1. Consider segment 1-18. How many of its residues are open to solvent by 80 Å² or more (accessible area, probe 1.4 Å), away from the ligand (no atom under 12 Å from the Cβ) and farther than 12 Å from ARG57 by Cα?
2. Report whether or not THR72 is under 15 Å from the mean Cα position of the chain (by Cα), away from the ligand (no atom under 16 Å from the Cβ) and open to solvent by less than 40 Å² (accessible area, probe 1.4 Å).
3. Looking only at segment 1-19, count every residue that is part of a strand (DSSP E or B) and closer than 18 Å to ARG69 by Cβ and tell me the total.
Amino acid sequence: MLHITCPWCGPRAQTEFSYEDDATRTRPTIDDTNAEMHFDYVYQRDPRMGVQDELWRHGAGCGKFVKVRRNTLTHEITATGAPHDDFDGDAK
Ligand SMILES: [Zn+2]
């Protein structure tokens, strides 16, 4: 079983969380009128093997979203934080 460290609650069992989405996707704005862009955002996923950033929600705890850096092949979690946290430390 995975253990995910919620930044607000501490380490918890994966069963308290639900996977929500890829954390790197950018939601189109309301002003984006390109229907294909909205379709892709809602329905298209690029499955990746290896390290990726994901959004999980701590539904059985604080209810907040947690950003998780997880290797999808080994399930190793190397970082968790708030959704806006930048694990790579790149200035934006
Ligand atoms: Zn929590």
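1. So the count comes out to 2.
2. Details: under 15 Å from the mean Cα position of the chain (by Cα): yes; away from the ligand (no atom under 16 Å from the Cβ): yes; open to solvent by less than 40 Å² (accessible area, probe 1.4 Å): yes.
So THR72 fits the description; yes.
3. Taking segment 1-19 and keeping what is part of a strand (DSSP E or B), we get 3-6, 10-13, 18-19.
Going one step further and asking which of them are closer than 18 Å to ARG69 by Cβ, we end up with 3-6, 10-12, 18-19.
Number satisfying all stated conditions: 9.
Conditions tested, residue by residue: (1) free of Cβ contacts under 8 Å to residues at least 12 places away in the same chain; (2) open to solvent by less than 60 Å² (accessible area, probe 1.4 Å); (3) in a strand (DSSP E or B); (4) within 16 Å of the ligand (Cβ to nearest atom).
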site: ASP21; (1), (2), (3), (4): no, yes, yes, no
site: THR24; (1), (2), (3), (4): no, no, no, no
site: HIS38; (1), (2), (3), (4): yes, no, no, no
site: LEU55; (1), (2), (3), (4): no, yes, yes, yes
site: CYS62; (1), (2), (3), (4): no, yes, no, yes
site: VAL68; (1), (2), (3), (4): no, yes, yes, yes
site: THR80; (1), (2), (3), (4): no, yes, yes, yes
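The values are calculated or read from the model by the stated rules, or taken from the named source; none is laboratory data. Only a predicted model underlies this, so the values are computations on that prediction, with no experimental measurement involved. Glycine also receives a Cβ, built like all others from the backbone with ideal geometry; neighbour counts cover every protein chain displayed. Note: accessible area is taken over every heavy atom of the protein model, side chains too, but ligands, DNA and RNA are not part of it. Shrake-Rupley method; radii C 1.70, N 1.55, O 1.52, S 1.80 Å.
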